[in-house]
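Remarks on the structure that follows.
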Amino acid sequence: MIIFNRIQELQYQLNIARKAKKTIGFVPTMGALHQGHLALVQRSKAENDITVCSIFVNPTQFNDLSDLEKYPRTLENDSKLLQSVECDYIFAPEVSEMYTNEELELKRQKIEDNGWKQGKTVDFGMLDKVMEGAHRPGHFNGVAQVVSKLFRIVLPDKAYFGQKDFQQLAIVRSMTKQLGFNTEIIGCPIIRESDGLAMSSRNVRLTETERNVSPLISKTLFKVKEMQATHTIAELKAFAEAQIQSEPLMQLEYFEIADAETLQPISDYKQAKSAVACIALKLGNVRLIDNILLY
Ligand code: PAF
């Protein structure tokens, strides 16, 4: 396994692989790796000749500065974990390698249109107006910005994303299509702890008490899926909201049932061929999200 900090050095190595007709799989991450990330790497390894995993805490996707500062940074341990699953290359650039000062300044001023959209050829329509997009202004702009930069650097044949970030996956698919990247986007199942909590880099920030109550999130989603055959959407929403509100340590941000393709909220099952239940909440100081496909 080789760790690269510089774009040029990684590209040099990848060009050699490409000339030898090797396929490249890519797993973008922000580090603080867990089994969920390792499952993505393992899938990439099974489907490609070379696997690149990036570790980069992307400043442009954080709308809350303290969240960015508190984001766990554990490169040494991450490298060991990636070594254990035989990842080929790690790309761990500094912020200055990925962004110009001008781009960072525009972000500080909350000016989203900093040119990365290539003359506004990317438009997410209503995809980024709901749920995470509505609650974290500028977040998806930053995600799409960094993923498009990373795709331009790595030029992967396939890229792997977890379905825990269901809306992010839809944004990345849309960005990939609109910018014409020749990369297949692969969505991979949510990996859960044995008590149901969806794995997330943020889980390490939960106190013991918070961690003990956290399985209520997935329990609520599993129950909602069970109830779906016999209850209306309004009933499911009322149930889920009451469940979360019954736990004083949790502050619900949203619980939404949405069309799994357009991500627009639905009020009747007939409105969508396939629907997803999505939840976001604060548990203490930690913001957690989760989701379940209903049908
Ligand atoms: O899901 C993440 O960890 C990040 O949003 C991503 C895709 C690596 C972009 O920074």
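Bear in mind these aren't lab numbers, they're just calculated from the coordinates by the rules spelled out. Predicted model only: the values in this text are computed from it and were never measured. For neighbour counting, all protein chains shown are included, and Cβ atoms are generated from backbone atoms with ideal geometry for every residue, glycine included.
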Taking +1 at the Cβ of each Lys and Arg and -1 at the Cβ of each Asp and Glu, which of T183, S267, L68 sits farthest along the dipole of the chain towards its positive end, judged by Cα position relative to the Cα centre?
T183
Descending principal axes extents, segment 118-185, alpha-carbon based, whole Å
32, 30, 15
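Please compute one quarter of the surface area of the Cα convex hull for segment 84-230 and express it in square nanometres. Don't jump to the answer; show the numbers that get you there.
On the way: hull surface 48.5 nm².
Quarter of the Cα hull surface area: 12.1 nm².
Take every Cα-Cα pair in segment 222-295 and report what % of them are more than 14 Å apart.
Values: 1562 of 2701 pairs.
Distances greater than 14 Å cover 58 percent of the Cα pairs.
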Filtering trypsin sites (Lys or Arg not before Pro) in segment 1-75 by DSSP loop and by at most 15 other Cβ atoms within 10 Å leaves R6, K21, K22, R73
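Taking the number of other C-beta atoms within 10 Å as the exposure measure, put M227, M175 in order starting with the fewest. Walk me through the numbers before you get to the answer.
Working: M227 15, M175 22.
By the 10 Å Cβ count, ascending, the order reads M227, M175.
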Less than 18 Å apart at the alpha-carbon level, and either on another chain or at least 8 residues along: which aspartates and glutamates does that give for K80?
D88
Determine the principal axes of the Cα atoms in the chain, then give the extent along each, sorted from largest to smallest and rounded to whole angstroms.
57, 42, 37
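As a test of the formula, what do you get for the chain when each DSSP H run with n ≥ 4 contributes -39,500 (n - 2.57) and the sum is divided by the residue count, at 222 nm and rounded to the nearest 500 deg cm²/dmol?
On the way: 12 runs with 120 residues, N = 295.
Roughly -12000 deg cm²/dmol at 222 nm, from the helical runs in the chain.
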Which far-off residues, 5 or more places away or on another chain, put their amide H under 5 Å from the one on M199, with H placed in the peptide plane?
I191, R192, E193
Going by C-beta contacts inside 10 Å, put I153, I2 in order with the fewest on the left.
I2, I153
Segment 198-214 - phi-based ³J(HN,Hα) in whole Hz, Karplus 6.51/-1.76/1.60, Gly and Pro as x
5, 5, 7, 5, 6, 4, 5, 7, 6, 6, 4, 5, 5, 4, 5, 8, 4
Can you tell me the convex hull volume per residue for segment 15-83, based on C-alpha atoms, in Å³ to the nearest whole number?
103
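Quick one: putting +1 on the C-beta of Lys and Arg, -1 on the C-beta of Asp and Glu, what dipole do you get for the chain around its Cα centre, in Debye to the nearest 20? Don't skip to the answer; put the middle values down first.
Details: 35 positive and 37 negative charges, 116 e Å.
My answer is approximately 560 debye.
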Quick one: Cα centre-to-centre distance for segment 39-67 and segment 158-212, in angstrom?
10
For a bin width of 10 Å, list the pair-distance distribution of segment 16-133 built from all Cα-Cα distances, rounded to whole %.
11, 32, 34, 22, 1
Take segment 156-257, drop everything but the C-alpha atoms, weight them equally and run the Debye formula without solvent; then report log10 I(q)/I(0) at 0.13, 0.17 Å⁻¹ to two decimals.
-0.63, -0.92
Can you pull the Kirkwood radius for segment 1-54, inverse mean 1/r over Cα pairs, to one decimal in Å?
11.9
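Would you mind ranking L81, L40 so that the residue whose beta carbon has the fewest other beta carbons within 10 Å leads the list? Could you put the intermediate results ahead of the total?
Working: L81 17, L40 26.
Result, fewest neighbours first: L81, L40.
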Among the listed pairs K107/K149; K22/K164; K21/K45; K225/K273; K177/K273, which have their C-alpha atoms separated by more than 18 angstrom in this model?
K22/K164; K177/K273
Take every DSSP beta bridge whose two residues both sit in the chain, then give the antiparallel share in percent to the nearest 5.
50
Along the positive direction of the dipole of the chain (beta-carbon charges: Lys, Arg +1; Asp, Glu -1; about the Cα centre), which of S84, I16, L216 reaches farthest?
I16
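Can you give the extra length, in nm with one decimal, that the chain gains between E184 and L104 once fully stretched, where that is 0.36 nm per residue apart less the Cα-Cα distance? The partial results should precede the final answer.
Values: separation 80, 0.36 × 80 = 28.80 nm, distance 2.91 nm.
Gain in length upon complete extension: 25.9 nm.
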